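To keep things clear, I will list the structure first and then write my remarks on it.
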Amino acid sequence: MKLQQLRYIWEVAHHDLNVSATAQSLYTSQPGISKQIRLLEDELGVEVFSRSGKHLTRVTPAGERIIATAGEILRKVESIKQIAQEFSNERKGTLTLATTHTQARYALPPIIGRFIQRYPDVSLHMHQGTPMQICEMTVDGTADFAIATEALELFSDLVMMPCYRWNRCVIVPKGHPLTKLPELSLEALAEHPLVTYVFGFTGRSKLDEAFSNRGLAPKVVFTAADADVIKTYVRLGLGVGIVAHMALDPVADADLVAIDASKLFEPSVTKIGFRKGTFLRGYMYDFIEAFAPHLTRDVVDKALQCHNKLELDELFAGVELPVH
């Protein structure tokens with residue numbers, strides 16, 4: 001059994017069983033990958049993939065467990081490389097983030113700018129996606145860190161640490177009836193068509209809970225993952241926007257009126273997560289602390305030693321999170 005063979009079955013499984021696409025991504029030949037997979041299956045005595053002619057059709061039950069274990073082995077190999085790099089050149093390497101549009105557009109730019117200045121030889125990469133995709137990318141090793149608000153708690157393989165609290169604001173064109181109210185209420189919001197985040201994005205669950213708890217059924221006419229897209233459709237008169245307060249730009253959005261909605265909705269918490277067992281290099285610790293100053297190296301190491309979510313919650317109980 002060769003490490004290369006494990007990488008091939010892992011990559012094929014994550015390229016929708018497309019051997020040709022896998023070969024292109026690994027800069028090798030399609031026949032070479034097919035041959036090595038066959039050799040591995042012959043050695044193991046089971047099929048990893050079912051076939052129809054020359055085409056792979058699905059992962060077999062045995063293959064699912066083999067591929068999952070192969071992923072763990074490949075991640076351990078990557079950790080070994082990271083350890084070696086840390087001792088050979090502690091300021092050189094890669095860092096891959098997986099996050100949402102709101103974090104990438106509004107929260108991360110100053111952090112990344114300072115990080116690149118401090119670590120010019122670290123290659124920084126960013127993937128954007130849904131919270132579920134973000135977590136999956138971090139679990140399978142595509143990304144080092146997941147930064148998101150939703151879905152992190154669904155993945156037991158991630159160590160999740162709270163970074164900051166944030167809330168929402170309502171955005172409307174100037175002269176909108178909501179701007180004339182002495183105080184904004186959920187009842188008043190429910191009377192207007194709403195434009196907000198897709199469910200599962202950027203604290204959307206807190207918004208839905210608030211309306212549900214009051215027995216209200218808001219009319220959400222348009223959803224998007226991108227706050228800038230939401231603002232565009234508010235400008236078109238499609239409805240009242242509800243976005244993260246951090247997504248409001250006083251200059252670029254000067255044509256809109258922002259109404260604070262923090263009294264209507266429970267605050268959300270943005271977290272940073274990484275796979276359990278991840279070897280964190282020095283610059284990774286520094287990135288975490290730059291993003292959330294209370295997450296010092298000592299605190300992160302304590303989080304790594306926690307065995308479950310309850311222990312993590314106890315570690316951060318009483319910590320006063322900054323508000324964005």
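Per-structure values
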{"quantity": "Test for F265: is it of a type in the set (F, W, Y) and in contact with a Cys (Cβ under 8 Å, 6 or more places away or on another chain)", "calculated": "no"}
{"quantity": "Index of the failed condition, L256 passing every other in (1) under 25 Å from Q133 (Cβ atoms); (2) modelled with pLDDT of 95 or more; (3) in contact with a Gly (Cβ under 9 Å, 6 or more places away or on another chain)", "calculated": "(1)"}
{"quantity": "Restricting region 124-177 to residues that are open to solvent by 50 Å² or more (accessible area, probe 1.4 Å) and in a strand (DSSP E or B), the residue that is farthest from H192 (Cα to Cα)", "calculated": "H125"}
{"quantity": "In region 72-122, the residues that are within 15 Å of the chain's Cα centre (by Cα) and charged (D, E, K, R)", "calculated": "R105"}
{"quantity": "Residue tally, condition among the basic types (K, R) and touching a Pro at 6+ places or on another chain (Cβ under 7 Å), over region 161-202", "calculated": "1"}
{"quantity": "Candidate set from region 56-82 (those that are at pLDDT 90 or above and among the basic types (K, R)); member that is least open to solvent (accessible area, probe 1.4 Å)", "calculated": "R58"}
{"quantity": "Considering residues of region 83-94 that are in a helix (DSSP H, G or I), out of contact with any strand residue (DSSP E or B) (no Cβ under 7 Å at 6 or more places or on another chain) and not small (G, A, S) only, the residue least open to solvent (accessible area, probe 1.4 Å)", "calculated": "E86"}
{"quantity": "Region 26-44, subset under 19 Å from I73 (Cβ atoms) and either touching a residue at least 12 places away in the same chain (Cβ under 8 Å) or out of contact with any strand residue (DSSP E or B) (no Cβ under 9 Å at 6 or more places or on another chain) (or both), residue surrounded by the most Cβ atoms within 10 Å (Cβ to Cβ)", "calculated": "I33"}
{"quantity": "Selected residue (criterion: farthest from A210 (Cα to Cα)) from residues of region 259-311 that are in a helix (DSSP H, G or I) and among the aliphatic types (A, V, I, L, M)", "calculated": "M284"}
{"quantity": "Complete set of residues in region 240-252 that are of a type outside the set (A, V, I, L, M) and either outside any loop (DSSP other than H, G, I, E, B) or at pLDDT 95 or above (or both)", "calculated": "G241, H245"}
{"quantity": "Answer residue from region 207-217, given it is in contact with a Phe, Trp or Tyr (Cβ under 8 Å, 6 or more places away or on another chain) and crowded, with 17+ Cβ neighbours inside 10 Å and is modelled with the highest pLDDT among those", "calculated": "A210"}
{"quantity": "Subset of region 114-165 [at positive phi and touching a strand residue (DSSP E or B) at 6+ places or on another chain (Cβ under 6 Å)]", "calculated": "none"}
{"quantity": "Condition check for E47: farther than 29 Å from Y119 by Cα, out of contact with any Gly (no Cβ under 9 Å at 6 or more places or on another chain) and charged (D, E, K, R)", "calculated": "no"}
{"quantity": "Selection count, region 178-201, where residues are of a type in the set (S, T, Y) and surrounded by fewer than 17 Cβ atoms within 10 Å (Cβ to Cβ)", "calculated": "2"}
{"quantity": "Matching entry among G175, G237 (being on the phi > 0 side of the Ramachandran plot and either among the β-branched types (V, I, T) or without any contact (Cβ under 8 Å) to a residue 40 or more places away in the chain (or both))", "calculated": "G175"}
{"quantity": "Matching residues in region 13-24 - criterion: being more than 23 Å from the chain's Cα centre (by Cα) and on the phi < 0 side of the Ramachandran plot", "calculated": "N18, V19, S20, A21, T22, A23, Q24"}
{"quantity": "V220, sole failed condition from (1) more than 23 Å from the chain's Cα centre (by Cα); (2) more than 28 Å from E136 (Cβ to Cβ); (3) in contact (Cβ under 8 Å) with a residue 24 or more places away in the chain", "calculated": "(2)"}
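Table: residues versus (1) buried (at least 16 other Cβ atoms within 10 Å of the Cβ); (2) under 27 Å from S262 (Cα atoms); (3) not β-branched (V, I, T).
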| residue | (1), (2), (3) |
| --- | --- |
| F287 | yes, no, yes |
| D298 | no, no, yes |
| D313 | no, yes, yes |
| L321 | yes, yes, yes |
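Residue-by-condition table, conditions (1) of a type in the set (A, V, I, L, M, F, W, C); (2) open to solvent by less than 50 Å² (accessible area, probe 1.4 Å); (3) touching a Phe, Trp or Tyr at 6+ places or on another chain (Cβ under 7 Å):
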site	(1), (2), (3)
K219	no, no, no
A225	yes, yes, yes
D255	no, no, no
R275	no, yes, no
R281	no, yes, no
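The values are calculated or read from the model by the stated rules, or taken from the named source; none is laboratory data. All figures in this text were calculated on a predicted structure; none of them were measured in a lab. For neighbour counting, all protein chains shown are included, and Cβ atoms are generated from backbone atoms with ideal geometry for every residue, glycine included. Quick note on the areas: whole protein, heavy atoms, side chains included, nothing else; ligands and nucleic acids left out. Shrake-Rupley method; radii C 1.70, N 1.55, O 1.52, S 1.80 Å.
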